[in-house]
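J.: Can you read through this structure? Questions will come right after.
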Amino acid sequence: MSVIRGTQSNKKRVEIRKKTLWRSIWKERFTYLIIAPAFLSYLIFFFYPIGFAFVTSFTRFDAFQIQALPNIFDNYHRAIVRDPLAKTSLLNVFKYVVITLGVGQSCALILALALNSLKRGTAFYRTVYYFPMITSVVTIATIFRWLFGSDPSAPINTILRLLFDMEPIRWLWESKLVIPIIAVIAIWCGLGFNTIIWMAGLKAIPPEYYEVARIDGASNWRQFWSITLPLLKPVMLFQVVMGFIGGMKEFGLPFVLTQGGPAGASTTPVLLVYQYGFQNLQMGYASALAFLLAFLLIIASLVQFRIYGKSEAYD
Amino acid sequence: MSERKLSRRDFLRLAGVAAGAALAACQPQVVTQIVKETQIVKETEVVEKTVKETVVVEKEGATQIVEVEKVITPTPRPVSFSMQVDANEKVIAAHQAAIASYQEMNPNVTIEVITEPMPGMDQIIPWLAAGTAPDCFRGALNQGAIFGTKNVIFDMADYAKSMGVVDKFYESVWKGYEFKDGQHWVLPSDTNTFALWSNPVMLEKAGIAAPPTNWTEFLDACAKLAKPDPDPEKAEYAFGIPTTIGWTSFFMYWWIFREGSEWYDGKNFIFQEALAKAITKLRLLITEGYLPHMDNWQDFWYKGRLAMEEYGQWVIPGDVPGPWNDNKPQGKWEAPYERPYFTVTPLFKLEDDIPNYSILAGFGYMMPKSNDEPEETFKFLIYQITDPEHGKMWVLPYNQLPAVKKEVVTHEYLDTPIYQAFTTQIQTAKPFSVYPEITQLVDQVWPGLILDALAGKKTPEQAIAEMVEIGTPIIQEAQSNR
């Protein structure tokens, strides 16, 4: 008897909740009306393509026809096991991310520390370093392609010849050099932005900590390791996560500089997705590659959050 | 009455349900591919019809029945289609003239001109997928093979045969545009190939009597010529290998690609020996200092001993008056001596016993399956390409070699040495087969390996082994995706 009563009361509760839900929606109808266009456009131009791409990643889709695959996971199997270019592109982008995160963020942090200690002219230097950020990636890539040309008369080769009498180097056509060069260009591009982020972090550290440390006789180095770096951990997390995601999504520089060459040595996963999708008309497979990349990014970001989340919080 | 506010959870739940429903509604239906065979049925065109009419004639009180023949001319069915035209003033004017002339003869035909730059893949794909493509558009030969195998553009082979126009084209060009099973997804309009350009003043100074006609003569000539100035601004080049009539560019990669042999037979790579020979020969030019590296092959303009970029800046037929072997430079380029006189001769083969695969790139028209008037569109395209007056547009303003024979489209420039050299080259060359499967390899993967071999980083054999190793799984996947 009590069970029946309980079920009835549950049903009632659900009904009441439904009613109150609709009532509250109705009450806020004007608000919902205002956000509806934005929500709809999000639904149409964001969620729908994602959903569509997800469905096609399990099919053979060439932009014109969708065919069922004999094995529904064939595209994913191909990406993980069979496609040599997919593996190469992943390795390339890992190298790229390691360099841009390691070297790039270190440079930005050093620069931020230097600018932070400046008494005058900070705004000027900050503006100067930020300039590459507002320049189109195509323009930057075109300029660097000229600088890193293989000709003996290309600027970098000319400088090396004049200074060290070196033979011309095929910068962008050496498999071992191409990714480090692209990474160096990316570091140069992002230096200003990253410096500003680090500077914002540095500004947030209360100066009293340093005063106390100085009174206690801590050296600058000690202050950096014991105060600055631990307190910059939230900024570091942001930089690492954003840098990792940005690096894994790299497309513009290799596309303009090398088209992924030589022989795939600078192909990145996103460039590969573009090539498979829009040049080879294998949209289904390209979608599968894109989802694998997204999955990898989510996992990597979660791991990063976990690692940094475990660390001690400073007030 | 108590009111509950909408909790965040309720809102998310509601939004999730709505999004799920929308996605489910929009989800594409997975269908089994239906391979539709397009059968072209030639309609019998009724121009005029003679009918017999029985007329009752009353004559002097007597009634007589007379049969009278009456000619009925039916009103032509209105036809309309759209056409993409390259966005260039001279090109648009040339097309409009052809359209006006065609419409004068066929008043029932309306042609809408859509001016767009020649579309790339990322333009054509959404056009074709959405069914919004113009009824005919210009494109490159390799694009036709890619879209043709997807059954989204018309095969024009049967139209051409039924209209009896195949003979109007150079055989090598027509065959060069033919897919392996005889399909013609791109109707050839204009094409280009290689030729050898020589500077007679420089040759004469070096004691070379005439432009080389084979590899041995070419190497001898290179050895006799003075080394070019290391400063690219001052460098003088005796030879050039332009890949089009109007522009000087040099694609070593493409030379190898075309000269080595066919690379692929539809199932296997077949290039090993011939390609290794071609790489070895061309590498010699670099090691001897006759030619710099080829890494900038993607930079359309290429400076090198064989390139003559400076010539390319001004040797554009439309801009240069006068006989073709006696032109003066225009613009900023200044030569240190009286010149330039240059001669254009057909490019020699790298190996005498290997066929010369000469067609570098061809352009033409494609017709999407969304075109409701494919036959009428085809008729107009043939008119535009083969009409003696309007077919000239491929010479000017396109600066290309017309795909149709010199007898079909005549132009004074076609008798100039440069066009003659290109014509000879294209007539004597073996057409290259077009396989969409190897596009990815040719465009994206293999150039680096060949360039490594040319730069001496790898032996030709090593480079080829890597090409096969990387290429095999990719081509297998591409075949399974056809």
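The values are calculated or read from the model by the stated rules, or taken from the named source; none is laboratory data. Because the structure is predicted, anything quoted here is derived from the model rather than measured. Reconstructed Cβ throughout: ideal geometry from the backbone, glycine too, with neighbour counts over all protein chains shown. Note: areas computed on protein heavy atoms with side chains; ligands, DNA, RNA excluded. Shrake-Rupley method; radii C 1.70, N 1.55, O 1.52, S 1.80 Å.
J.: Please verify whether segment A:34-50 includes one or more residues that are open to solvent by 30 Å² or more (accessible area, probe 1.4 Å), among the polar types (S, T, N, Q), within 11 Å of another protein chain (Cβ to nearest Cβ) and out of contact with any Pro (no Cβ under 6 Å at 6 or more places or on another chain).
T.: There is no residue in segment A:34-50 that is open to solvent by 30 Å² or more (accessible area, probe 1.4 Å), among the polar types (S, T, N, Q), within 11 Å of another protein chain (Cβ to nearest Cβ) and out of contact with any Pro (no Cβ under 6 Å at 6 or more places or on another chain).
Rundown of residues vs (1) closer than 19 Å to B:Glu376 by Cα; (2) not in a helix (DSSP H, G or I), yes/no style:
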| position | (1), (2) |
| --- | --- |
| B:Val113 | yes, yes |
| B:Gln123 | no, no |
| B:Pro134 | yes, yes |
| B:Gly139 | no, yes |
| B:Gln143 | no, no |
| B:Phe147 | no, no |
| B:Asp155 | yes, yes |
| B:Asp158 | yes, no |
| B:Lys161 | yes, no |
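J.: Still on this model: Go over the candidates B:Ala129, B:Ala160, B:Ala140 one by one and state the one that is modelled with pLDDT of 95 or more, of a type in the set (Gly, Ala, Ser) and surrounded by 13 or more Cβ atoms within 10 Å (Cβ to Cβ). Step through it out loud before you land on a result.
T.: Working: B:Ala129 fails: modelled with pLDDT of 95 or more; B:Ala140 fails: modelled with pLDDT of 95 or more.
Only one candidate passes the filter, namely B:Ala160.
J.: Taking segment A:145-159 only, how many residues are open to solvent by 30 Å² or more (accessible area, probe 1.4 Å) and of a type in the set (A, V, I, L, M, F, W, C)?
T.: Number of matching residues: 4.
J.: I would also like to ask the following. Which of the numbered conditions does A:Thr228 fail, given that it passes all the others? Conditions: (1) more than 12 Å from every other protein chain (Cβ to nearest Cβ); (2) within 26 Å of A:Leu177 (Cβ to Cβ).
T.: So A:Thr228 meets the others, but not (2).
J.: List every residue pair whose Cβ atoms sit under 6 Å apart, with the two residues 6 or more apart in sequence or on different chains, where the first one lies in segment A:163-182 and is within 13 Å of chain B (Cβ to nearest Cβ) and the second, anywhere, is among the acidic types (Asp, Glu).
T.: Taking only residues 6 or more apart or on different chains, the pairs are A:Arg170/B:Asp295; A:Trp173/B:Asp295.
J.: What residue, among those in segment A:255-277 that are part of a loop (DSSP other than H, G, I, E, B) and facing chain B (nearest Cβ under 7 Å), is modelled with the highest pLDDT? Spell out how you get there, then give the answer.
T.: Keep residues of segment A:255-277 that are part of a loop (DSSP other than H, G, I, E, B), which gives A:258-268.
This time we only want the ones that are facing chain B (nearest Cβ under 7 Å), so: A:259-265.
On the way: A:Gln259: 85, A:Gly260: 88, A:Gly261: 79, A:Pro262: 84, A:Ala263: 83, A:Gly264: 87, A:Ala265: 91.
Among residues in segment A:255-277 that are part of a loop (DSSP other than H, G, I, E, B) and facing chain B (nearest Cβ under 7 Å), the one modelled with the highest pLDDT is A:Ala265.
J.: While we're looking at this one, here's another question. From the list A:Phe295, A:Phe305, A:Phe278, which one is open to solvent by 40 Å² or more (accessible area, probe 1.4 Å) and touching a residue at least 60 places away in the same chain (Cβ under 8 Å)? Write out each step before concluding.
T.: Numbers: A:Phe295 fails: touching a residue at least 60 places away in the same chain (Cβ under 8 Å); A:Phe278 fails: touching a residue at least 60 places away in the same chain (Cβ under 8 Å).
That would be A:Phe305, the only listed residue that is open to solvent by 40 Å² or more (accessible area, probe 1.4 Å) and touching a residue at least 60 places away in the same chain (Cβ under 8 Å).
J.: Return only the number of the condition from (1) of a type outside the set (D, E, K, R); (2) assigned to a helix (DSSP H, G or I); (3) more than 11 Å from every other protein chain (Cβ to nearest Cβ) that B:Gly471 does not satisfy.
T.: The failed condition is (3).
J.: Take A:Phe94 and tell me if it is outside any helix (DSSP H, G or I) and either within 12 Å of chain B (Cβ to nearest Cβ) or open to solvent by 30 Å² or more (accessible area, probe 1.4 Å) (or both).
T.: Details: outside any helix (DSSP H, G or I): no; either within 12 Å of chain B (Cβ to nearest Cβ) or open to solvent by 30 Å² or more (accessible area, probe 1.4 Å) (or both): yes.
The answer is no for A:Phe94.
J.: With respect to B:Gln462, determine if the residue is farther than 29 Å from B:His184 by Cα and open to solvent by 10 Å² or more (accessible area, probe 1.4 Å). Full working, then the answer.
T.: Working: farther than 29 Å from B:His184 by Cα: yes; open to solvent by 10 Å² or more (accessible area, probe 1.4 Å): yes.
In short, yes.
J.: May I pose another question? Among the residues of segment B:465-482, which ones are closer than 29 Å to B:Lys281 by Cα and open to solvent by less than 30 Å² (accessible area, probe 1.4 Å)? Steps first, please.
T.: Looking only at segment B:465-482, we keep the residues that are closer than 29 Å to B:Lys281 by Cα, and these are B:465-472, B:474-475.
Once the filter is applied, which keeps residues that are closer than 29 Å to B:Lys281 by Cα and open to solvent by less than 30 Å² (accessible area, probe 1.4 Å), segment B:465-482 yields B:Met467, B:Gly471, B:Ile474, B:Ile475.
J.: In addition: Out of all the residues in segment B:163-179, which are in a helix (DSSP H, G or I) and surrounded by 24 or more Cβ atoms within 10 Å (Cβ to Cβ)? Spell out how you get there, then give the answer.
T.: If we filter segment B:163-179 for residues that are in a helix (DSSP H, G or I), which is where we start, we get B:163, B:166-168, B:171-176.
Matches in segment B:163-179: B:Val173, B:Gly176.
J.: Can you tell me which residue among B:Gln476, B:Gln400, B:Gln427 is of a type in the set (S, T, N, Q) and closer than 25 Å to B:Ala278 by Cβ? Spell out how you get there, then give the answer.
T.: On the way: B:Gln476 fails: closer than 25 Å to B:Ala278 by Cβ; B:Gln400 fails: closer than 25 Å to B:Ala278 by Cβ.
Matching residue, one of B:Gln476, B:Gln400, B:Gln427: B:Gln427.
J.: Could you list all residues from segment B:100-121 that are hydroxyl-bearing (Ser, Thr, Tyr) and surrounded by fewer than 16 Cβ atoms within 10 Å (Cβ to Cβ)?
T.: Start the filter on segment B:100-121 by keeping residues that are hydroxyl-bearing (Ser, Thr, Tyr), which leaves B:101-102, B:110, B:115.
If the condition is that a residue be hydroxyl-bearing (Ser, Thr, Tyr) and surrounded by fewer than 16 Cβ atoms within 10 Å (Cβ to Cβ), then B:Ser101, B:Thr110, B:Thr115 are the ones that fit.
J.: Is it fair to say A:Val81 is at pLDDT 95 or above, open to solvent by 40 Å² or more (accessible area, probe 1.4 Å) and aliphatic (A, V, I, L, M)? Show your work before the answer.
T.: Numbers: at pLDDT 95 or above: no; open to solvent by 40 Å² or more (accessible area, probe 1.4 Å): yes; aliphatic (A, V, I, L, M): yes.
Considered against the rule, which asks whether it is at pLDDT 95 or above, open to solvent by 40 Å² or more (accessible area, probe 1.4 Å) and aliphatic (A, V, I, L, M), A:Val81 comes out as no.
J.: Looking only at segment B:146-204, count how many residues are closer than 27 Å to B:Thr416 by Cβ and over 16 Å from the mean Cα position of the chain (by Cα).
T.: Going through segment B:146-204 one residue at a time, the tally reaches 13.
J.: Follow-up. Which condition number in (1) at pLDDT below 80; (2) open to solvent by less than 20 Å² (accessible area, probe 1.4 Å); (3) more than 10 Å from chain A (Cβ to nearest Cβ) is the one that B:Pro431 fails?
T.: Evaluating B:Pro431 over (1) at pLDDT below 80; (2) open to solvent by less than 20 Å² (accessible area, probe 1.4 Å); (3) more than 10 Å from chain A (Cβ to nearest Cβ) leaves (2) as the failure.
J.: Quick one: is A:Ala68 free of Cβ contacts under 8 Å to residues at least 12 places away in the same chain and open to solvent by less than 80 Å² (accessible area, probe 1.4 Å)? Spell out the reasoning first.
T.: Values: free of Cβ contacts under 8 Å to residues at least 12 places away in the same chain: yes; open to solvent by less than 80 Å² (accessible area, probe 1.4 Å): yes.
Criteria met by A:Ala68.
J.: When you go through B:Gln400, B:Gln440, B:Gln420, B:Gln462 one by one, which is the residue that is in contact with a helix residue (DSSP H, G or I) (Cβ under 7 Å, 6 or more places away or on another chain) and either under 24 Å from B:Ile99 (Cα atoms) or more than 9 Å from chain A (Cβ to nearest Cβ) (or both)?
T.: Unique residue meeting the criteria: B:Gln400.
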